Amino acid sequence: MDSILVTGNGPLNGQIPIAGAKNACLTLMPATLLSEEPLTLTNAPRLSDIKTMTLLLQSLGAEVSSLQDGQVLAMSSHDLTSHTADYDIVRKMRASNLVLGPMLARLGQAVVSLPGGCAIGARPMDLHIEALEALGAQIELKDGYLHAKAPGGLKGAVHEMRFASVGATENIVMAATLAKGTTVLKNAAREPEIVDLVECLRKMGAQIAGEGTSTIEIQGVDRLHGATHQVVTDRIELGTYMLAPAICGGEVELLGGRLDLVGAFVEKLDAAAIDVTETDKGLKVRRRNGRVSAVNVTTEPFPGFPTDLQAQMMALLCTAEGISVLEEKIFENRFMHAPELTRMGAQIDVHGGTATVTGVQRLKGAPVMATDLRASVSLILAGLAAEGETVVNRVYHLDRGYEHVVRKLEGVGARIERIKE
């Protein structure tokens with residue numbers, strides 16, 4: 001199993017290109033199931049999760065071609081041969097459940113295994129089921145699979161979600177595009193990935209309003225057509241690499257970065273004494289003089305502080321001046337990186353959904369174990385600023401969400417290498 005060796009060596013300087021958003025692309029790809037005509041995505045990230053979704057779509061009979069070194073995905077679902085999303089594929093990735101809504105809308109039936117993914121909490125399917133049942137779907141759980149059908153087609157309805165779930169919002173919006181009548185989804189998630197999905201669906205002929213707000217209205221249409229769409233910038237990769245110069249010093253420009261994608265995150269960086277400025281190519285980040293200041297962080301749905309940047313932010317705050325409190329309100333079990341940071345000399349006290357971090361002068365390199373996608377990159381960031389060598393094990397998680405992480409960090413002066421085993 002591969003590992004990554006990181007040696008702390010001072011400030012970072014240069015440019016890092018930011019890829020298309022993993023979470024957006026994984027949502028956009030199932031949209032091909034809604035139409036018989038081709039859907040082409042540009043600016044696609046080159047990640048193992050994208051390959052998994054490709055395999056899933058192909059297992060349903062969709063054609064998926066990876067072009068231009070993987071940055072263009074050409075898809076067609078003109079001849080679907082199956083409506084069953086098999087466990088062997090779905091178990092690898094949470095986003096696999098996003099084929100449920102499109103298949104139900106177009107085919108009137110779907111059988112989808114309960115999904116897998118990172119071990120950061122239960123993330124149940126009940127919100128998806130409730131929303132689709134509001135549109136007239138009949139869903140039952142048998143032998144680990146959701147068996148869904150809508151023999152008379154889906155019908156528009158007013159539905160308010162108990163929690164602003166991103167995945168459930170995406171599933172219901174896609175399903176409602178082909179439902180009869182108007183669907184009004186209340187307490188909808190507001191993430192940029194949902195806005196990106198709606199923009200793509202609109203290019204395909206969907207009639208949708210209200211994306212980016214808590215109420216989305218979808219007027220069902222008879223059919224959707226083909227389209228070409230550029231995947232939005234990955235705000236989590238963006239935030240992750242913004243933290244590299246914040247932790248190590250130096251100045252790094254993030255190509256393609258946008259302030260509107262990371263507003264709450266940038267507010268915390270400013271409070272921690274880190275400058276973020278817009279350029280004609282993206283965002284430039286540098287640490288002000290001296291140590292980073294301690295700040296308190298509470299994860300919230302967008303536009304709040306992203307849960308997917310909590311682990312990386314903790315790595316920064318390990319060497320901040322003062323005491324920081326991080327409160328995780330989205331997922332349980334998402335402080336599994338804390339014991340590994342402690343192995344590097346960090347002072348972290350975890351009680352339930354709250355972690356208290358007392359900053360130290362310097363972290364020390366150590367062998368550590370990645371427990372999930374964001375934890376793995378947080379340990380790499382910590383290693384960049386640590387004294388000596390850090391070996392991050394079980395980095396297969398990393399390949400699910402970050403393309404060419406070693407190359408990108410090497411490009412700004414980091415001493416980092418992947419060790420093949």
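The values are calculated or read from the model by the stated rules, or taken from the named source; none is laboratory data. Computed from a predicted structure; not experimentally measured. Positions of Cβ are backbone-derived with ideal geometry, glycine not excepted, and every protein chain shown enters the neighbour counts.
For the reader, a short list of remarks on this structure follows.
- Boolean, Arg394 is under 22 Å from Glu237 (Cβ atoms), out of contact with any Leu (no Cβ under 7 Å at 6 or more places or on another chain), among the basic types (Lys, Arg) and surrounded by fewer than 21 Cβ atoms within 10 Å (Cβ to Cβ): yes
- Selected residue (only one of Gly322, Gly304, Gly250, Gly257 is surrounded by 22 or more Cβ atoms within 10 Å (Cβ to Cβ) and not hydrophobic (A, V, I, L, M, F, W, C)): Gly257
Okay, residues lined up against (1) closer than 18 Å to Val112 by Cβ; (2) in a strand (DSSP E or B); (3) outside the structural domain of Val198 (by TED's automatic domain parsing); (4) not β-branched (Val, Ile, Thr):
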position: Gly136; (1), (2), (3), (4): yes, no, no, yes
position: Glu140; (1), (2), (3), (4): yes, yes, no, yes
position: Leu146; (1), (2), (3), (4): yes, yes, no, yes
position: Phe163; (1), (2), (3), (4): no, no, no, yes
position: Gly167; (1), (2), (3), (4): yes, no, no, yes
position: Glu170; (1), (2), (3), (4): yes, no, no, yes
position: Met174; (1), (2), (3), (4): yes, no, no, yes
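- Inter-residue pairs, beta-carbon under 6 Å, first within 15 Å of Asp399 (Cβ to Cβ) and in region 45-68, second surrounded by fewer than 17 Cβ atoms within 10 Å (Cβ to Cβ), 6+ apart: Arg46/Gly70
- Qualifying residue in region 287-298 (condition: buried (at least 20 other Cβ atoms within 10 Å of the Cβ), outside the structural domain of Ser165 (by TED's automatic domain parsing) and within 18 Å of Arg374 (Cα to Cα)): yes
- The set of residues from region 174-210 being without any contact (Cβ under 8 Å) to a residue 12 or more places away in the chain and either out of contact with any strand residue (DSSP E or B) (no Cβ under 9 Å at 6 or more places or on another chain) or not small (Gly, Ala, Ser) (or both) comprises just one member, Arg202.
- Residue within region 28-38 that is farther than 26 Å from Pro192 by Cα, outside any helix (DSSP H, G or I) and either among the β-branched types (Val, Ile, Thr) or touching a Pro at 6+ places or on another chain (Cβ under 9 Å) (or both) present: no
- Condition check for Gly220: surrounded by fewer than 20 Cβ atoms within 10 Å (Cβ to Cβ), assigned by TED's automatic domain parsing to the domain that holds Glu199 and in contact (Cβ under 8 Å) with a residue 24 or more places away in the chain: no
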